[in-house]
Structure formats: C-alpha cells, structure tokens
Amino acid sequence: MRISLTLLIFLFISCKQDAEKKSATEIKENLEISKTENIKIEPQAEPNTLVESFKEFRNAIYQRDKVKVKEFIDFPIYNDNNEIWYLGNMADDEFFKKAGDKVIPFPETEFDKYYDKIFSNYFLRGILKIKTGILFSKGEFETIELTDKDTKFKIYATYNDKENEIILNLAIESPIKVNDGENDSIENSESNVIYYFKIENGKDIRFKQIRVAG
C-alpha cells in the first residue's frame, strides 16, 4: 500500500507540473501573437480628437492665419502632376514643359506668396458650411450652394476612416462668354479644386495636395 500511495503522489505532482508548464507556454504564445497583431494594426482615427483637429484647421483658414495653417502642412509639397502650380497661374508653360513628368516640390515661400490662390475665398466660405458631426459620423457631407455674383460653388466633403483620408471637393460653376464667330453666347464652365488631407496618428489632419479638374 505504501508503494501505491507514493506512486499516486508522484503521478499527481508530475501531472500538475506538466499542466503548469503547458499553461505557461500557452500564455507566452498568446503574448507573442498579441504583440505581432499590435505591430500590424494601424492607428484608427479617433472621432473626437479628429473633429477638433479639423475645426482647428478650419478656424485658422477663417482667421487667415497663415502661420497656423502651415502647422497642418509638411513642406515642400509634392503634388501629383504639379497641379498646385496651376492655381492662379503660379507657373508658365515653359515651367511645365521643363518639368515633364517630374514632380516639382512646392516650397513654403511659394505657399506664402500664393496663399490666397491655394485657399481661395470660395474654399473659405465652403469649409465654414461643413457640419463636422455629419461628416465624421456618416463619412460624407455636401454643403449648400453658395454664390458670388454669377458664380455658384459648393464643397463635397468625404471622410474615409479606412484610408485615413479626408477629401474636400470644391465644385465651381461660372458663366463664360463664347464667341462662335457670329454671335456671342453665355455658357456655364464647371471646374473642381480637390483638396486631399491625410490623417496621422489617428487624430491629426495633414494637408497633402490639390488636384484640379475641368
């Protein structure tokens, strides 16, 4: 009986040690998996802080505070197809001919010089009409149609939380006089100035570039 009891005690202790080792191994593996998953996960936009960042940028635009606006921009700006240079005739045909397919960095000095062309009065009036609560909850918002003499304009705003991107599409419709060789007529000319912003650290908006259409 003594031998059987000793054997049972030995088996019990061995099983307990094996269970503890297995448990410790599983915990270690779970921690390693958790660390790996955390590395792959990109920070998601935090709605409250993101709204505050957007409002801060909008207020700087409203105040025409160039110094504050530049806090949301990394210079120089590398704009696809050099389209930021098109605004307000910042560069001539020779400039674009030499540039070809090469992206020409847009420096801070040019930004200071052409600020009013980049963030026009149309953009200012439009961005003030964006309801941030709707934009960041539904992912899109369309402002009311605004006017400036015979010109109509509005902003189509979209927020993509998966791409961490905000796009503000300033759509402009202006009448132009057309001469067909016999009679003058008025036609509507449509154009779009599209502003792209990236969201960094899940909360800070950064102006990236402008695309032009029409």
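Among the listed residues I166, I186, identify the single one that is among the aliphatic types (A, V, I, L, M), within 23 Å of S53 (Cβ to Cβ) and part of a strand (DSSP E or B).
I166
Considering only residues that are under 20 Å from Y62 (Cα atoms) and open to solvent by 80 Å² or more (accessible area, probe 1.4 Å), which ones fall in region 153-180?
Result: Y156, single match.
For region 59-98, what are the residues that are more than 21 Å from the chain's Cα centre (by Cα), surrounded by 14 or more Cβ atoms within 10 Å (Cβ to Cβ) and of a type in the set (D, E, K, R)?
Scanning region 59-98 gives no hits.
Do you know which residues across region 82-130 are at positive phi and touching a Lys or Arg at 6+ places or on another chain (Cβ under 7 Å)?
Within region 82-130, just G88 meets the criteria.
Which pairs have Cβ atoms under 8 Å, sit 6 or more apart or on different chains, and link a residue in region 120-137 that is open to solvent by 50 Å² or more (accessible area, probe 1.4 Å) to one that is at pLDDT below 95 and not β-branched (V, I, T)?
S137/P47
Modelled with pLDDT of 95 or more and in a loop (DSSP other than H, G, I, E, B), is that true of I130?
yes
Looking at (1) in contact with a Leu (Cβ under 6 Å, 6 or more places away or on another chain); (2) more than 16 Å from K208 (Cα to Cα), can you tell me which one K149 breaks?
The one condition K149 does not meet is (1).
The values are calculated or read from the model by the stated rules, or taken from the named source; none is laboratory data. A quick note: this is a predicted structure, and the numbers were derived from the prediction, not measured. Every residue, glycine as well, gets a Cβ built from its backbone with ideal geometry; the counts of neighbours run over all protein chains shown. Note: accessible area is taken over every heavy atom of the protein model, side chains too, but ligands, DNA and RNA are not part of it. Shrake-Rupley method; radii C 1.70, N 1.55, O 1.52, S 1.80 Å.
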